[in-house]
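K.L.:
Below is one structure. I have some questions about it.
The values are calculated or read from the model by the stated rules, or taken from the named source; none is laboratory data. Bear in mind that the values here come from a model prediction, so they are computed numbers and not experimental data. Positions of Cβ are backbone-derived with ideal geometry, glycine not excepted, and every protein chain shown enters the neighbour counts.
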Amino acid sequence: MELMEMFKGRNIRPWRFLVQIGAVLFIIGQSYGLPPFGTYPIFRRIFLPNASCRYINDAPTSCYYYQVQDGFTTGFATNYVDVAIMLAVVVLLIILLGRFWCSWLCPFGLVQEGFEKLRELLGIPRYRLKWKQRILLRRVKYTIIFLTVLISIPIGISALGLTSCQSTFALPFCQVCPAKGFFLITQQIFGAEPWSNKLPLIAIASLVVFSVSAFFLPMAFCRICPMGGLMALFGRTSLPLLKKDPDKCTKCRICARVCPLDHDRVYEDMEKDDVGGEDCTLCGKCVEYCPEEGCLSINYGPFTLTSSKRPRTRNTFLGRFRKGGGDT
């Protein structure tokens, strides 16, 4: 890891870290009723994909996946008008910011990177998924979306007589989402929640699974997150893009080695310039380590935000990777 830091071309990570810290401070502020935009009803329609949660005290809004579940469960009386409005707002946010939400604003992204750093300090190798395992995990997030809709909509249709199930089956994903335990414990640490509040066993189990999997497999939760799945569905229409100049690519495979989500399209695609995809969260790590000047770039629409830069010790860097070393 130290060798990779020495030969890195761009330095995106510190800037991303500052943005992530800002997002975490925003979440902590919500526990104390800050910022006060929750007092303005119109702002309650700004459902943050992953920087807010119904389990945060005084949060002015919530993640949109909670709203999807709640809307389907209770929306029959209004013909799901509220759900349609919410989805329109969500699609607009995804178009504007794409999966920047995942790697730049999501607190779970920062936590998972913390587990990864701890594993590296302890000298424990990461678990590397086989190709079939990666394909399977890609499908999990869409399966979760399907099951959420399958469970939520029948409960919301009063003619089916399932409204009594709202107390036990409503918000199916929220019951197993690690955010429930994560945010409650975080608020208890900061004194915003009393320690007498106990977590359900299923919430404790999901938090343990999240922590263990994130320790051994980089960004494990991101691979199955249904919010990421919804973002990926609209990924082709979002303004933030990961672009590649195939003419400058030397097939060194460094981008594939450093990607925390094993996104292989950025390495394999030699025809299209847009090499993002459902696994790409625009963290910029491939841009940081790409040794070819301007080969990879993060764009916002027609504007280039940052691009790869050739390291000074390029030959040593490439030689190390082509021999299979320098892996994270």
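K.L.:
Could you say which residue among I145, I135 is closer than 16 Å to Y66 by Cβ, modelled with pLDDT of 85 or more, in the same structural domain as F182 (by TED's automatic domain parsing) and surrounded by fewer than 19 Cβ atoms within 10 Å (Cβ to Cβ)?
P.N.:
Just one listed residue meets the conditions, I145.
K.L.:
Only one of G114, G109 is in contact with a Ser or Thr (Cβ under 9 Å, 6 or more places away or on another chain) and under 27 Å from L18 (Cα atoms). Can you tell me which?
P.N.:
Going through G114, G109 in turn, just one is in contact with a Ser or Thr (Cβ under 9 Å, 6 or more places away or on another chain) and under 27 Å from L18 (Cα atoms): G109.
K.L.:
I need every pair where a residue in segment 193-211 that is closer than 13 Å to F183 by Cα has its Cβ under 7 Å from the Cβ of a residue that is surrounded by 15 or more Cβ atoms within 10 Å (Cβ to Cβ) and basic (K, R), sequence separation at least 6 or different chains.
P.N.:
Filtered contacts from segment 193-211: A203/K180.
K.L.:
With the requirement that a residue be within 18 Å of F100 (Cα to Cα), without any contact (Cβ under 8 Å) to a residue 60 or more places away in the chain and not in a helix (DSSP H, G or I), what does segment 258-275 give you?
P.N.:
Passing the criteria: C259, L261, H263, D274, V275.
K.L.:
Still on this structure, I have one more. Hey, any hits in segment 60-71 for a residue that's within 27 Å of G29 (Cβ to Cβ), touching a residue at least 24 places away in the same chain (Cβ under 8 Å), over 15 Å from the mean Cα position of the chain (by Cα) and not in a helix (DSSP H, G or I)?
P.N.:
Yes, the conditions are met somewhere in segment 60-71.
K.L.:
What number goes with the only condition from (1) outside any helix (DSSP H, G or I); (2) buried (at least 22 other Cβ atoms within 10 Å of the Cβ) that C255 does not pass?
P.N.:
Of the numbered conditions (1) outside any helix (DSSP H, G or I); (2) buried (at least 22 other Cβ atoms within 10 Å of the Cβ), the odd one out for C255 is (1).
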